[in-house]
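The values are calculated or read from the model by the stated rules, or taken from the named source; none is laboratory data. Note that the structure is predicted; figures quoted are calculated from it, not measured. Cβ placement follows ideal geometry from the backbone for every residue including glycine, while neighbour counts extend to all protein chains displayed.
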């Protein structure tokens, strides 16, 4: 706009010059042709003078245009730079209106730059603690990757039960606790970058080379968590779960290791450990897992999800006392899939409901087939804790159980009632009232609670295989198993030991008064046809005891 205006002014000036050049001869011609002699000055005016005057006028206009338009053009260019996010400043030495306009523009540009710097700082900081946030940690990993740094390790420190602690001591003191923990880590690893990933988690980036990098990083974090924290004059014992992940050797993207460290923390929590290194094999292929879940419903419809049965034997009277129905997936491309590959995914994605419905229907059908073959055995089905408080599932399960031709049992974990105890316990009462037996599964695998144990109307207690496998090797495990058997009997429950794999373990359990045994010593999980053959044998499992 300013350039075109200047061109126009220049054109005007040029026009004035041309007009001056033509004015003198035209005037002289007019005077002489009319015989006018009273204007000798006009007639005698030199042509060069007129031309000079016109040129002087054009030059004056040109100078005036440059004086006015140059600072305006500079302001226009600076405004474009400011709009593009670049630094912008104009220098105008005049004290007139244009100078004051330039000063105002410079002040505005400085204010905007300072505001942008403040917004950038806020974007990279946790609002509560002022610590670097996830974006800041990710940018640091990008910088290390760009510089070719090696020996980079990421850690995630997830403070246990911090959400519940917040409801007790308040958000401000929780923020102080997080900052105190950060200072402890910084004191032991001064070169590490520490940030807040979430309300419950810290992220730490170590750059350390040499052997045992992961072990040293874990030792630093465990030492920082060893002593109780002092918050608001009160000492609080704080526990945390730590996940570690190391950068790829020989270069590669570093940003993903922060997410892998968070996954490692989840893996540690699932294993009931305090620290774990990212296990790629256990994590698997997320894209393949997602595809697997997408196939599950179609596989159920096509009959590819089937159940196997593992027998349970009576340790006193002999014979098969029942079978446990276990889900298996006969995948058309990947073969027979272990339940460890798809049941946890089904629970997380909500597919556990149609999966359990499928298992329950098949268990009832197989029980009828066993009864038709002359074998009246109990059939147990595992019920996920995510379904135990689901009223719709409870109603549907009771309708299916009503059509069973024998005794059905629902196996639940005692921790399954913790989230919604009133509703879960109410549904268990309905199952029992309808004649469905209830077994408490995996007892001893986690934090067992006597408070819930005494409230669950169960008739069987199943000792987790983690205790049974070490029964003959570790005296402490033997003591725990014996105490659990006595506890179950004192509560009026039958006790089943899972994971019985050796004759020595079987004999030890029998001596402790255990009621039932289940495990590879008796038989592995098997399809219906093999179960029917097993039941036809005269206590076929006794051969394995000898």
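The table below lists the values:
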quantity: Only one of 270, 264 that is out of contact with any strand residue (DSSP E or B) (no Cβ under 6 Å at 6 or more places or on another chain) and either buried (at least 20 other Cβ atoms within 10 Å of the Cβ) or in the same structural domain as residue 150 (by TED's automatic domain parsing) (or both); calculated: 270
quantity: So residue 365, is it in contact (Cβ under 8 Å) with a residue 12 or more places away in the chain, over 30 Å from residue 507 (Cα atoms), over 30 Å from the mean Cα position of the chain (by Cα) and surrounded by 13 or more Cβ atoms within 10 Å (Cβ to Cβ); calculated: no
quantity: Some residue of segment 371-381 being in contact with a strand residue (DSSP E or B) (Cβ under 9 Å, 6 or more places away or on another chain), assigned to a helix (DSSP H, G or I), closer than 22 Å to residue 462 by Cα and free of Cβ contacts under 8 Å to residues at least 60 places away in the same chain; calculated: no
quantity: Matching residues, segment 382-400, being surrounded by fewer than 18 Cβ atoms within 10 Å (Cβ to Cβ) and in contact (Cβ under 8 Å) with a residue 24 or more places away in the chain; calculated: 386, 391, 396, 398, 400
quantity: Answer residue from segment 217-256, given it is more than 17 Å from residue 175 (Cα to Cα) and at pLDDT below 80 and is farthest from the chain's Cα centre (by Cα) among those; calculated: 250
quantity: Residue within segment 300-310 that is more than 24 Å from residue 436 (Cα to Cα), assigned by TED's automatic domain parsing to the domain that holds residue 499 and in a loop (DSSP other than H, G, I, E, B) present; calculated: yes
quantity: Candidates 130, 175, filtered to the one that is surrounded by 20 or more Cβ atoms within 10 Å (Cβ to Cβ), at pLDDT below 85 and within 25 Å of residue 226 (Cα to Cα); calculated: 175
quantity: Pairs with Cβ under 6 Å, 6+ apart, first in segment 157-182 and more than 14 Å from residue 197 (Cα to Cα), second modelled with pLDDT under 80; calculated: 173/231; 173/232; 174/166; 176/231; 177/229; 177/231; 180/229
quantity: Residue ID - surrounded by the fewest Cβ atoms within 10 Å (Cβ to Cβ), chosen from residues in segment 203-224 that are in contact with a helix residue (DSSP H, G or I) (Cβ under 8 Å, 6 or more places away or on another chain) and farther than 25 Å from residue 148 by Cα; calculated: 223
quantity: Some residue of segment 468-491 being surrounded by 14 or more Cβ atoms within 10 Å (Cβ to Cβ), assigned to a loop (DSSP other than H, G, I, E, B) and in contact with a strand residue (DSSP E or B) (Cβ under 7 Å, 6 or more places away or on another chain); calculated: no
quantity: Test: residue in segment 303-322 that is closer than 30 Å to residue 239 by Cβ and crowded, with 20+ Cβ neighbours inside 10 Å; calculated: no
